[in-house]
Amino acid sequence: MRIVFAGTPEVAVPSLDAFVASEQEVVAVVTRPDAPSGRGRKLVASPVAQRAEELGIPVLKPEHPRDPEFQAQLKELAPDACPVVAYGALLPQSALDIPKHGWINLHFSLLPAWRGAAPVQHSVWAGDEFTGATTFRIVKALDAGPTFGVMTERVRDTDTSGDLLGRLAEGGAHLLVQTISGIETGQIEAREQPEDGITIAPKILVEHARIDWADTALRIDRQVRACTPAPGAWSLFEGERIKIGPVTIADDHEPLAPGVIEVAKKAVFVGTSSVPVKLGEVKAFGKKQMNAADWARGARLESGVVLGVEKPAEDDAAAESTEA
């Protein structure tokens, strides 16, 4: 079939490579426009655009898929199907109607569970034992279209969202290619999604990634892994944000009050509402990410300091100083 592949981030690249290696004809790639990146805010092409250019495939970067010029280009390309992986924009019906077999999405969940923008992060945060990837035909309702195929993947106890997404991107690439082949030969048929079991996975924002040390160690462990690598779990130290990498639940450690730090020779523990956790890596503002013990030595950290405490407002601090 003639296909136009749509995708934007790194997790979409394995699927593009899988189609190029398949019997399908990739006539073009659709991706989001170049975006500012790095300290210089220089415009950078998406990972999918960069890979397509390496492969010599024409790239379309519409500001929005409803743009008439883009839709005219798509009609001229006459795709039979448009496989999609994390493209990053809503598709209007006028664009959905162009390919003969529609737009076929690879979604990183076991639909109808975790419909939305951040299925893998929510699966890790919820403590799911299994997740997976599903292919379905895109309709106007959010991730609600009829499904074609599914693969399952175990969520490991130490998985970050990045780890899990990497495995799903590789396994899902083959599932998406098989789905398009099955549609071409008529060997698979779409099935409507069940009404039961629907859960929603909205985007996780920076404010959601702040650690509440009064939570249990188990939930903090899941939160940190869910938010790694993005947006990055964080807490406050001396009023400044520090990013915190995966932690380890310290079942055999003496209890500590929520947020209270204990500095050992080669480890840093923090109290929660259950057992303490051992910090993995820490990235202080303007510093490189480093082992927690090295960070503690550099910051001359002592046991008893409390993480997560807001810095007092200047007026309040001055009043306290006057009263003293």
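Worth a mention:
- If you go through segment 14-29 and keep only what is closer than 17 Å to Cys82 by Cβ and of a type in the set (A, V, I, L, M), you end up with Leu16, Ala18, Val20, Val26, Val27, Ala28, Val29.
- Any helices (runs of 4 or more DSSP H) falling wholly within segment 119-233 and containing at least 1 residues that are free of Cβ contacts under 8 Å to residues at least 24 places away in the same chain and surrounded by fewer than 23 Cβ atoms within 10 Å (Cβ to Cβ): 161-185, 217-226
- Ser94, sole failed condition from (1) part of a loop (DSSP other than H, G, I, E, B); (2) in contact (Cβ under 8 Å) with a residue 24 or more places away in the chain: (1)
- Qualifying residue in segment 42-55 (condition: polar (S, T, N, Q) and closer than 24 Å to Leu168 by Cα): yes
- Scanning segment 187-200 for residues that are farther than 15 Å from Phe136 by Cβ and either touching a strand residue (DSSP E or B) at 6+ places or on another chain (Cβ under 8 Å) or aromatic (Phe, Trp, Tyr) (or both) yields a count of 2.
- The set of residues from segment 234-267 being acidic (Asp, Glu) and free of Cβ contacts under 8 Å to residues at least 24 places away in the same chain comprises Asp252, Glu254.
Every read-out reported here was derived from the displayed coordinates using simple, explicitly stated rules and does not represent laboratory data. A quick note: this is a predicted structure, and the numbers were derived from the prediction, not measured. Don't worry about glycine lacking a Cβ; one is built from the backbone with ideal geometry, like all the others, and counts go over all protein chains shown.
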